[in-house]
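Inspection log for the structure reproduced underneath, given as structure tokens.
Derivation of every value follows stated rules applied to the coordinates shown; laboratory data play no part. These numbers were taken from a predicted model, which means no experiment stands behind them. Cβ atoms come from the backbone with ideal geometry, glycine included; neighbour counts cover every protein chain shown.
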Amino acid sequence: MDETPASLRWIGLALLALLLALPSLATLAGDPAWVSLATRMLIYALAAVSLDIILGYGGLACFGHAAFYGIGGYTVAILYRHWQTSEPLFGVIPGSTQFLVVIPAAMLAGGVLAAAIGALSLRTAGVQFLMITLAFAQMLFFLFSSLSQYGGNDGMTVRRRNEFPGLDLRDDTVFYYLVLAILLAALFVAHRLVGSRFGRVLGGIRQNERRMAAIGVQSYRYKLAAFVIAGMGGALAGALMVNQARFVSPDMLFWTKSGEMMIMVILGGAGTLIGPVIGAITLTGLEDLLGRIPGWGEHKLFAIGLLLVLVVLFGRGGLYGWLRRRLR
Amino acid sequence: MLNLAVEQALNGLQLGVMLFLLAAGLTLIFGIMGVINIAHGSLYMVGAFLTAYTVAKTGSFLLALLAGLAGAAVAGMAMETLIMRRLYARDHLDQVLATFGVSLCMNEIFSLLFGQRPLYVSIPPLLDGSIEVVPGVPYPIYRLAIVAVGLMVALGLYLLISHTRIGMLVRAGSTHRDMVRALGVDIRSLYTAVFGLGALLAGLAGLMAGPVYTVQVGMGEQILILTFVVVVIGGLGSIRGAFLAAMVVGLVDTALRAVVPPWLKTFMEASAADALGGGLSSLGVYLLMALVLLVKPRGLLPAHG
């Protein structure tokens, strides 16, 4: 890929060291709530990185990433519910609380959903693609809002986190390190992916689809594959979030959630891997801070909206792009 | 049975014209400027809130009508000059994000000004009551008036676009934008005017929605997504397509809501059937959209160019 300024590498390493030391710092500061906030930041970072594969690298304006995020979350909750009642789902699929079963199941569900939505919506492009992905995500929102056995509008609590052999995930710090490890692994996979032949073809399609078609690339297949990978990543993030919050609700599928993830990608810098991570950490942190302002906390979206308009109008390349320009 | 069908068909038409008023503005703005406006639903909300507020303060429906229309048009033109103008040359993603930001801000401004609780608007006395459309089917006059206004606007838009000088510029602008510019047309004020017109239509839908739906923050987004479905089915940038698709979506959505929950009740308990039925019938229009995409990816009546 393109060269990264040396000072930026140092900043990246410092950030990683900070993330590794964070639980100890939280204990020192006497505020264990930091750990759960940091866990949410990392999970959103995972969601934003997966969205960036289609949005930034694929150049496809997807406004429905919440569909995959929500389906991942609901997979965890539904498998938990059927484990609890020991009544198989659809009469055949037994419930489970095993992390190593539930998480792959969530990713599978996300991948299948992405294949279905992608197969239809990738027949169009541009604004239509955006509207269609938004509409399908909203369709799932309505569907899950109406399923009263899974909590309907109110959602449902998942009383315990999934179990991982040898790890006590009920401990917030252990869960934090697990999420951090998954994020790092996902970033590594994504880094290999965008640098591979597949990633280069995807970039070629973004820049000039007609030319790629002329040299014999079946662009639809590549875009669909990227869409499915992104959907699986989104479902993974949603599944982790339900484990973190021990709660699922149709809010996870609501269209503003898709919008938020897009903001993270653009704020941090689309078309890079580290940008969405920076964007997710910044936006989640900012929302948390704004939410604490007495009396104004419920109107925090005003500030977020204003920030979004300003970033789009005046900030090219997001925070990461700005950092790169400053450090070059 | 027949009576129910007539009533539901009228309900469907009423939803259809509301969707058309929103979709026409959205698709017009896209057709001319190539811009997608997520804050279009906010303009609908502006119309609804200003009307509801003016009625509550002054008691005059005429004043409220003017306030709703003028407010939405002014808000739309302000949005165009302050923000949209800088985005015409950008890609759609930037446009979507900036207008999404605007809609977040508008929602918060309105919940600060008017509170989170929904406002209720009474039906103007002139249009209160109901008449029998066919013997044995009383139907509210107000809803019939919505249908009538919607159809008149559709006719007016047709005349405006295909038989006036402004309409000629609009048509030319949507197919040969650069040529229109080169011929010396003041494209900036044309853009502002078109944006204002779209906002006016959204405001009109919003002010009529007051007595039928609840006026609350977030009302715009709810109907906006259904409007997207209409625009995709009709064909992006095509007003004729928007009209056809709005009617189809309005009728299909209303028909499913009338049919599915009672059918589920034949083999489920009533409360669960209502919840699931509501969810399943909202899926109908999205499945319709999927079907249209399979057969005609560019929509039923795609725009030229």
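Give the long-range amide H neighbours of A:F164: residues separated by 5 or more places, or on another chain, with amide H under 5 Å away, using H modelled in the peptide plane at 1.01 Å from N.
A:F99, A:L169
Sorted from fewest to most neighbouring beta carbons within 10 Å, what does the list B:M1, A:M41, A:M156, B:M289 look like?
Ascending number of Cβ neighbours within 10 Å: B:M1, A:M156, A:M41, B:M289.
Counting only helical runs of four or more DSSP H residues, what would the 222 nm mean residue ellipticity of chain A come to if each run contributes -39,500 (n - 2.57) and the total is spread over all its residues?
Estimated from H runs of four or more residues: -24000 deg cm²/dmol.
Stick to the Cα atoms of the protein assembly as shown, pair each with every other, and give me the Kirkwood hydrodynamic radius in Å at one decimal.
Evaluated over the protein assembly as shown, this radius sits at 25.9 Å.
Under a point-charge model restricted to the Cβ atoms of Lys and Arg (+1) and Asp and Glu (-1), what is the dipole moment magnitude of region A:34-254 relative to its Cα centre, in debye to the nearest 20?
It comes to approximately 740 debye.
From other protein chains only, count the Cβ atoms within 10 Å of every residue's Cβ in B:268-277, then give the mean.
The per-residue average across the peptide is 2.
Could you tell me which residue out of A:T133, A:M107, A:A270 lies farthest along the dipole of chain A toward its positive end? Charges go on the beta carbon: Lys and Arg +1, Asp and Glu -1, centred on the Cα centre.
So the residue we want is A:A270.
What does the charge add up to near B:M247, with Lys and Arg as +1, Asp and Glu as -1, over the other residues with Cβ less than 14 Å from its Cβ?
0
What size of dipole, in debye to the nearest 20, comes out for region B:148-302 about its Cα centre when the only charges are +1 on Lys and Arg C-beta atoms and -1 on Asp and Glu C-beta atoms?
580
Need one number: nm distance between label points at A:L289 and A:L169, each 7 Å from Cα along Cα→Cβ, rounded to one decimal.
Rounded to a tenth, the inter-label distance reads 3.2 nm.
In the neighborhood of A:L319, defined by Cβ-to-Cβ distances under 14 Å, what is the net charge if each Lys or Arg adds +1 and each Asp or Glu adds -1?
+3
Provide A:Y320, A:Y80 in ascending order of the number of other Cβ atoms located within 10 Å of each residue's Cβ, fewest first.
A:Y320, A:Y80
Sorted from fewest to most neighbouring beta carbons within 10 Å, what does the list A:H299, B:H40, A:H191 look like?
A:H191, A:H299, B:H40
Once amide H atoms are placed 1.01 Å from N in the peptide plane, what residues at a sequence separation of 5 or more from B:A303, or on another chain, have their amide H within under 5 Å of its amide H?
Residues meeting the criterion, in which the H sits 1.01 Å from N, are B:L236, B:S238.
Return the lysines within reach of A:K257: Cα separation strictly under 19 angstrom, same-chain partners fewer than 8 residues apart disregarded; answer none if there are no such residues.
Straight-distance partners of A:K257: A:K300.
Could you point to the residue in B:A273, B:V194, B:A258 farthest towards the positive end of region B:133-280's charge dipole, with +1 and -1 charges on the Cβ of Lys/Arg and Asp/Glu respectively?
Positive-most Cα among the choices belongs to B:V194.
To the nearest 0.05, how large is the calculated FRET efficiency for B:S271 and B:R117 if R₀ is 30 Å and r is the Cβ-Cβ distance?
Efficiency, rounded to the nearest 0.05: 0.70.
Under 5 Å between amide H atoms, partner at least 5 residues away or on a different chain: which partners does A:L89 have, H built in plane at 1.01 Å?
Amide H neighbours of A:L89: A:G95.
Might you report the magnitude of the Cβ-based charge dipole of the protein assembly as shown about its Cα centre, with Lys and Arg at +1 and Asp and Glu at -1, to the nearest 20 debye?
I would put it at about 1780 debye.
Residue by residue through region B:138-147, what is 3J(HN,Hα) from phi via Karplus (6.51 cos²θ - 1.76 cosθ + 1.60, θ = phi - 60°)? Round to whole Hz and write x for glycine and proline.
x, 9, x, 4, 4, 5, 4, 5, 4, 4
Taking θ as phi - 60°, what are the ³J(HN,Hα) couplings along region A:37-47 by the Karplus curve (6.51, -1.76, 1.60), each to the nearest whole Hz, with x for Gly and Pro?
Calculated HN-Hα couplings, in order: 4, 5, 4, 4, 4, 5, 5, 5, 4, 4, 4 Hz.
Treating region A:34-254 as a set of equal point scatterers at the Cα positions, no solvent, please give the Debye-formula log₁₀ I(q)/I(0) at q = 0.11, 0.15 Å⁻¹.
Here the Debye-derived log intensity ratios amount to -0.54, -0.95.
Report the residues of region B:27-50 in range of a label on B:V185: point 7 Å along Cα→C-beta, backbone N strictly under 11 Å from it.
B:32-33
Apply the Karplus parameterisation 6.51 cos²θ - 1.76 cosθ + 1.60, with θ equal to phi minus 60°, to every residue of region A:254-269 and state each ³J(HN,Hα) to the nearest whole Hz, in sequence, with x for glycine and proline.
Whole-Hz 3J(HN,Hα) from phi for region A:254-269: 5, 5, 5, 5, 4, x, 4, 5, 5, 4, 4, 5, 6, 4, x, x.
Put +1 on the Cβ of every Lys and Arg and -1 on every Asp and Glu Cβ in the protein assembly as shown; which of A:Y176, A:L8, A:V189 then has its Cα farthest towards the positive end of the dipole?
The Cα lying farthest towards the positive end belongs to A:L8.
Take the Cβ-Cβ distance between A:L18 and B:L294 as r, set R0 to 56 Å, and report the resulting FRET efficiency rounded to the nearest 0.05.
After rounding, the FRET efficiency stands at 0.70.
Once you average over the residues of B:111-120, how many Cβ atoms of partner chains fall within 10 Å of each Cβ?
Shielding by partners across B:111-120 averages 1.
Once you place label points 7 Å from the Cα toward the Cβ at B:L155 and A:R316, how far apart are they in nm?
About 5.2 nm separates the two model spin labels.
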